1. Want the number for R126 to T12: 0.36 nm per residue separation, take away the alpha-carbon distance, what's left?
2. Report the label-to-label distance for S475 and S105 in nanometres (one decimal), using points 7 Å from each Cα along the Cα→Cβ vector.
3. Say a paramagnetic label sat at a point 7 Å from the Cα of D393, along Cα to Cβ; which residues of region 460-484 have their backbone N under 15 Å from it?
4. ³J(HN,Hα) across region 458-474 via Karplus (A = 6.51, B = -1.76, C = 1.60, θ = phi - 60°), whole Hz, x for Gly/Pro?
5. Using +1 at the C-beta of Lys and Arg and -1 at the C-beta of Asp and Glu, which of C91, P58, L122 has the Cα lying farthest in the positive direction of the dipole of region 40-127?
6. How much of the accessible area of region 192-345, probe 1.4 Å, is carbon plus sulfur, in whole percent?
7. Quick one: what are the phi-derived ³J(HN,Hα) couplings along region 64-77, Karplus 6.51/-1.76/1.60 with θ = phi - 60°, whole Hz, x for glycine and proline?
8. At 1.4 Å probe size, with every protein chain present, just tell me what the per residue accessible area of region 102-371 comes to in Å².
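The values are calculated or read from the model by the stated rules, or taken from the named source; none is laboratory data. All figures in this text were calculated on a predicted structure; none of them were measured in a lab. Quick reminder, even Gly has a Cβ in these numbers, built from the backbone with ideal geometry, and neighbours come from all protein chains shown. Heavy atoms of the whole protein, side chains included, go into the accessibility calculation; ligands, DNA and RNA do not. Shrake-Rupley method; radii C 1.70, N 1.55, O 1.52, S 1.80 Å.
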Amino acid sequence: MNPYSDLFYEGTANEYSKAIQLASGSVVRFLEKNRKPFSGITPAQLKTAFAEVDLNAPLPDYESLLSEVERLYSDHAITFHLPQYIAHLNCPVVIPAIAAEVLISAINSSLDTWDQSAGGTLIEQRLIEWTCSEIGFDSHSDGVFTSGGTQSNLMGLLLARDHYAKERLRYNIKQKGLPAESSRFRIFVAATGHFSIQKNAALLGLGEQSVVSIPVEGYRMNVALLEEAIQQELEEGNIPIAVVGTAGTTDFGNVDPLEEIGQLAARYKLWFHVDAAYGCGLLLTSKYRHLLKGIELANSVTADYHKSFFQPVSSSAFLVKNKRSLDLLTHHADYLNPKEHDEDGLPNQVNKSIQTTRRFDALKLWFTLRLMGKQKLGSYMETIIDTTAKVADMISQDDELELVSYSDISALVFRYFPAGLDEADVTEVNLYIKKEMLKDGAALLAGTRINGAFYLKFTLLNPLTTTDDVNKLLSIIKQHGATYMRQHRKTLYDRREIA
Ligand SMILES: *Cc1c(COP(=O)(O)O)cnc(C)c1O
């Protein structure tokens, strides 16, 4: 027996091929068996199966391993590729990207330095250049792949903070830590922006208090109120440093007025970060590219390919208009990326990243663009946006449903609200609907709150989802709603009597 038969090397090519084949067989079984987005299993039910697993007693072969993993995981996994999954921002993934994953984990390049990746670094750089040019940035731009939108947003705010201190206070935060003034730094983002802005401001030592929430109009940032807020903060002696515009809000799929925000940011000399974690998919379509007008004014941009480029998690990028701003992140380590490397022209991506060891996620996008091309990928986005517009009409024309707003992209917030139902009870009915849908698993949707009231939410990211699919889902929603009303008629009635 070869004690190294599980190690990946030139002596185990057969073992490798067999394992990959068995694993992909398990994936095919997942496709064949999982015919609804969720089995509806509860954590308690699944935990009993885990109790029997002894991690110190390995299984004899891949067959038993895969059958155990199917029982514990795949059979009950949330199935994003089904048209009835329209809950969160999870896209179905394209096959070329999955094929790339086979190379990524086997060859296992690490993209921190040239001497751990070679051509991998150049592939990443070309994709960054391509994305920058789609955004409308010129050749001074640059960027890096990241783990996701949260990390990209962190980098945007970090550069905003350190850039302000360096240029306006002549103060180096990287070396000296936060200056006294930093407790007065202010970041502006619409009330509909992503929670990672608050979370990242806290991580950066500015506190959540540094984030000023700007009211929305039509669920997009109100720019007049943004200017008022900037002036008010100035009057109070605070220091505006950055504005974040969202291209595709997580709840409403709307794009803030990027051009106006960008112009205002320039007037007040503020860092302009565009969070296009969701909306970056609009870069792919000529039909809807105009929605991103003004994104080219940004100092930095977040793009999540794992949201709207049909890429597997993780695949994301942070892009900057001026590559020199990334110097704020650079730290030269003698053993890894010494200064001499820069002089020798060795590209070390770690200089631009807050990670060190980093996956070669870029290869997935490379496979995708080289095989499918931008247009085909963009046509998926167009189909999704067109379907969403039709679904929005369906909801707004339904007497039992209330649509909150039309979407620029593909997220719709609405609720079950038939005649005769009190505002006081509508949240409970919709919470019940959401819970029943998860229990049943035949179709999955999300939920959110507006001013405390609970709403249902669709996020369409599957070009295979048709208006027919959604129509069936709406019927299920209304059935659950009607059931709740029947069961609670007496209580609802009593409550109204008392009131
Ligand atoms: C999803 C999302 C994020 C966070 O991205 P992750 O990849 O989940 O870290 C940030 N901003 C917006 C608008 C998002 O929709």
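1. Gain in length upon complete extension: 37.7 nm.
2. 4.0 nm
3. Correct set: 467-468, 471.
4. Each residue's phi maps through the Karplus curve to give 9, 10, 8, 9, 10, x, 7, 6, 9, 5, 4, 4, 5, 4, 4, 5, 5 Hz.
5. Of the options given, the answer is C91.
6. On the way: 3060 of 6180 Å².
After summing per-atom areas, the C and S share lands at 50 percent.
7. Result, rounded to whole Hz: 5, 4, 5, 5, 5, 5, 5, 5, 7, 9, 4, 4, 10, 5.
8. Ligands and nucleic acids excluded, the result is 41 Å² per residue.
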